[in-house]
1. Assuming 0.36 nm per residue, please report the length gained on full extension of the stretch Val50 to Leu28 beyond their Cα-Cα distance.
2. Sum up the charges of everything whose Cβ sits under 14 Å from the Cβ of Lys165, counting Lys and Arg as +1 and Asp and Glu as -1, but leave Lys165 out.
3. Kindly state, to the nearest 0.05, the FRET efficiency for Trp175 paired with Cys21, given R0 = 41 Å and r defined as their beta-carbon distance.
4. Taking one equal scatterer on every alpha-carbon of the range 1-55, how large is log10 of I(q)/I(0) by Debye at q = 0.12, 0.14, 0.21, 0.26 1/Å?
5. Work through the residues other than Phe73 whose Cβ is under 9 Å from its Cβ and net out their charges, Lys, Arg +1 and Asp, Glu -1.
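What follows is calculated from the coordinates using simple rules that are stated; it is not laboratory data. These numbers were taken from a predicted model, which means no experiment stands behind them. FYI the Cβ positions are ideal-geometry reconstructions off the backbone, even for glycines, and counts take in every protein chain you see.
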Amino acid sequence: MGGRKILKSLQAVVAHGLLFCFTLLLVLKLDRALHYSWWVVFVPLWLFHVVVARGRFSLPAPSMPHDRHWAPFHAVMATPLLVAFELLLCIHLDSTYAVSLKIVFFPLLALEIAILVDNVRMCRALMPGDEESMSDEAIWETLPHFWVAIAMVFFIAATAFTLLKICGDVAALGWWDLFINYGYKKVPIYPA
């Protein structure tokens, strides 16, 4: 086994360990068994971002269409937008400053919209030109981006409805109605 594989495996173990520590601290904080600040609870999550910064945690990108050399926008902006959301959430939870939840969720919604736009863009880039016919290979290369784009519509709706429900702006929306959007987002719709 090469040194690169060992380093990559170690990186995965450390990343999963940091996520586990964050989850454990979060559960203890919510159960009121831990009396540390929210900033301390989120430290393992921020360390996770540092550990995986090289490996970008986004969809595996297919071959670049028509000899283009560009990275999806959401792959580049995922970590900064997630960290911005986490920092704003810590500020909100610590109640040190009055930050509206609508402002807290803005970076998260921006990331979700960027993922939607990027996947629609990839679908269009992978489509053949006017003179070309659509091969089976092109269809299978485009299909994951198409399904992610559809799922992101439900995910954006679910995030927006969750935000509105938590803020109390939509009293008529029940929790069951809200979580159905998350269920649609999670249902795999790949053909057999």
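1. Difference between extended and current length: 5.6 nm.
2. Its environment carries a net charge of -1.
3. 0.90
4. The calculated log intensity ratios at q = 0.12, 0.14, 0.21, 0.26 Å⁻¹ are -0.34, -0.43, -0.73, -0.94.
5. It works out to a net charge of 0.
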